Amino acid sequence: MTGSHRAGTTARRSTRTKASGRRPGRSRIRIVLATAVSLLVLLTAGAGWAYLRLNGNIDTFGADGISDDRPDAASDGQNVLVIGSDARTGGNSDLGGGDKNDIGRSDTAFLLHVYADRQHAVAVSIPRDTLLDIPPCKLPDGSWTETRRQAMFNEAYTVGSTAEGNPACTQNTVEKLTGLRVDHTVVVDFKGFSELTDVVGGVEVCVPQDIYQQDLNPNRVTRGKRLFTEGVQTVSGQKALDYVRIRHGIGDGSDIGRIKRQQAFVGSLLKKVKSDGLTPTKLLPLADAATTSMTVDPGLGSADKLVSFAMSLKDIDLNDTRFVTIPWRYEGARVAIVEPDAGALWAALRADRTLDGQDAGGTGKKKEKDATASPDADEQVSGEGISVTVHNGTQVTGLAARAADALEAAGVTVTGTSTASGQDHRTTVIEYGPGRKKDAETLARLLGTGELRSGADGLDVVLGQTYADQAVAAPSGGESATASPAPSEVPAEVAESSRAADDDLCAGLSYG
């Protein structure tokens, strides 16, 4: 290129720049902005693809199976029911889920209460053999079952005998048991659990002793290969699944011991996820694995809802994430719920009180009082204007008379006492007629327990073992006949038996 040509080119550039009034620097800025916008479009498109992928992964169960008779939302907290399913579909039978033609079952479930302050959470495990009432549930043909009395908790998931199970029935059962409204239900099957542990690179666990194949499958004739060596180790995939399923060969071989190890495992999983960081790079494969084999209620049936809920938990400290088992005792080979301890636990959660009694409401709003909780010590509840008949549904002599005395001391008019037609009532029931629900709620608070049911002409109380347990524990002589703690008072042994997500892995792993 000649010097004259270069000079002409320079002159033309100079003329164009002066004519347009633009400086070369502004052109560079525009190029940078255009590049940035292009990148943003690409990133947005990528995020959109990711959301479409996650949305395609998510299965939902029908809301038509959820009962219309539900507890009110009592606080700004949230309750999420997590169900571990060994559904025989989608490759789960290859991981130990059993025959693919069998019905879906659930041996693991816990209710996660996320407090309104989004700084605390507690997961309450419910043993599979817990004896309780299963309320009416919807069958595949559209009909509804009758209430099942004193059934095992895990039977709720099998109602309808379908391969995918019945999460709506389990949700109905938990709501009836706790008086807490379940905001969301999440079912995770074997395959999803296994893939989740692979994605996070394994989860650290502690094994109390050497474990062999026969410990996982007691029907084996021989001990088999050693699956785990005593001590701390990292597990993933099938091995992680084996760890949380082992029941025999550790402690007393009970489901209670297995629950303790499962709680420790979930805590360790949360610790691993938090230590890796909640970045999009980490969250996308985690969310992909989690949603692949997950079934949720319609309220969580999209990627944005799931991600939004997950991110709402990011500020909860591991030490403030607690695990506890519903207060229990053995009843033969089954598990019975201990009252009034369990009622006090549910009342505390409804009031957004932590296990150690802190107010974790977070918003400063006045909390709705629990209808079945005893009044606080400084609050007097009046039964003036309420008339009721009291029936003894237990074999505890004089229980109806004792309840009548307590109610009359609060101003209630007891029109009569009697022995109920059956003396095997576990739960205290308060039946009320039209326009009497508020009176029934007042009676429940005065008694410290009570499941409300509509249908009577007036008001009737059928006392169950829940009332008998607390009445026996109450001091005699002029003091209240009920011994239910106020909502802020979780029994000390319940609080002390809990574990935090960051507790020592090897602490308290076995029962018996």
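The values are calculated or read from the model by the stated rules, or taken from the named source; none is laboratory data. Keep in mind it's a predicted model, so treat the numbers as computed, not measured. For neighbour counting, all protein chains shown are included, and Cβ atoms are generated from backbone atoms with ideal geometry for every residue, glycine included. Each accessible area value is taken on the protein alone, full model and side chains, heavy atoms only, with ligands, DNA and RNA left out. Shrake-Rupley method; radii C 1.70, N 1.55, O 1.52, S 1.80 Å.
Out of curiosity, is Q262 under 25 Å from I126 (Cα atoms) and outside any strand (DSSP E or B)? Yes. The residue that is surrounded by the fewest Cβ atoms within 10 Å (Cβ to Cβ), among those in segment 236-255 that are in contact (Cβ under 8 Å) with a residue 60 or more places away in the chain and part of a loop (DSSP other than H, G, I, E, B), is D252.
Pairs are defined by a Cβ separation below 9 Å, a sequence spacing of at least 6 or placement on different chains, a first member in segment 317-339 that is closer than 20 Å to T178 by Cα and in a strand (DSSP E or B), and a second member that is open to solvent by less than 20 Å² (accessible area, probe 1.4 Å) and aromatic (F, W, Y); the pairs so defined are V335/F153.
Selection of segment 126-148 for residues being open to solvent by 10 Å² or more (accessible area, probe 1.4 Å) and either within 16 Å of the chain's Cα centre (by Cα) or free of Cβ contacts under 8 Å to residues at least 60 places away in the same chain (or both) yields R128, L139, P140, D141, G142, S143, W144, T145, E146, T147, R148. Does F265 satisfy the condition of being closer than 24 Å to T325 by Cβ, more than 26 Å from the chain's Cα centre (by Cα) and open to solvent by less than 10 Å² (accessible area, probe 1.4 Å)? No, not satisfied.
For T413, are the conditions met, namely being over 23 Å from T147 (Cβ atoms) and of a type in the set (S, T, Y)? Answer is yes for this residue.
The lone criterion from (1) under 29 Å from A310 (Cα atoms); (2) open to solvent by 10 Å² or more (accessible area, probe 1.4 Å); (3) of a type in the set (A, V, I, L, M); (4) modelled with pLDDT of 95 or more left unmet by A156 is number (2). Looking at R258, is it open to solvent by 10 Å² or more (accessible area, probe 1.4 Å), closer than 22 Å to S106 by Cα and out of contact with any strand residue (DSSP E or B) (no Cβ under 8 Å at 6 or more places or on another chain)? Criteria met by R258.
Return yes or no: is A456 surrounded by fewer than 22 Cβ atoms within 10 Å (Cβ to Cβ) and either at pLDDT below 85 or charged (D, E, K, R) (or both)? Answer is yes for this residue.
Out of curiosity, is G97 open to solvent by less than 20 Å² (accessible area, probe 1.4 Å), outside any helix (DSSP H, G or I), in contact with a strand residue (DSSP E or B) (Cβ under 7 Å, 6 or more places away or on another chain) and modelled with pLDDT under 90? Here the answer is no, as G97 does not meet what is asked. The number of residues in segment 165-189 being over 30 Å from P340 (Cα atoms) and in contact with a Lys or Arg (Cβ under 9 Å, 6 or more places away or on another chain) comes to 1. Of the strands (runs of 3 or more DSSP E) lying entirely inside segment 409-459, those containing at least 1 residues that are of a type outside the set (S, T, Y) and touching a residue at least 60 places away in the same chain (Cβ under 8 Å) are 451-454. Residue-level analysis places K314 among those that are open to solvent by 60 Å² or more (accessible area, probe 1.4 Å), closer than 29 Å to F61 by Cβ, not in a helix (DSSP H, G or I) and not polar (S, T, N, Q).
Does at least one position in segment 213-235 carry a residue that is open to solvent by 10 Å² or more (accessible area, probe 1.4 Å), closer than 28 Å to S308 by Cα and in a loop (DSSP other than H, G, I, E, B)? No; the residues of segment 213-235 include none that is open to solvent by 10 Å² or more (accessible area, probe 1.4 Å), closer than 28 Å to S308 by Cα and in a loop (DSSP other than H, G, I, E, B). Comparison of G202, G165 shows that the only residue that is touching a helix residue (DSSP H, G or I) at 6+ places or on another chain (Cβ under 8 Å), buried (at least 24 other Cβ atoms within 10 Å of the Cβ) and not acidic (D, E) is G165.
When the residues of segment 50-69 are filtered to those that are touching a helix residue (DSSP H, G or I) at 6+ places or on another chain (Cβ under 6 Å) and outside any helix (DSSP H, G or I), which remaining residue is modelled with the lowest pLDDT? My answer is I58. R402 meets all of the listed conditions (1) open to solvent by 40 Å² or more (accessible area, probe 1.4 Å); (2) touching a helix residue (DSSP H, G or I) at 6+ places or on another chain (Cβ under 7 Å); (3) closer than 25 Å to A151 by Cβ but one, namely (3).
Every condition in (1) in contact (Cβ under 8 Å) with a residue 40 or more places away in the chain; (2) in contact with a strand residue (DSSP E or B) (Cβ under 9 Å, 6 or more places away or on another chain); (3) not β-branched (V, I, T) is met by K191 except one, and the failing one is (2). Residues in segment 190-199 that are open to solvent by 30 Å² or more (accessible area, probe 1.4 Å) and of a type outside the set (K, R): F193, E195, L196, D198, V199. Just so you know, in segment 380-399 the residues that are at pLDDT 90 or above and in contact with a helix residue (DSSP H, G or I) (Cβ under 7 Å, 6 or more places away or on another chain) include one that is most open to solvent (accessible area, probe 1.4 Å), and it is H391. If you go through segment 55-75 and keep only what is open to solvent by less than 30 Å² (accessible area, probe 1.4 Å) and free of Cβ contacts under 8 Å to residues at least 24 places away in the same chain, you end up with nothing.
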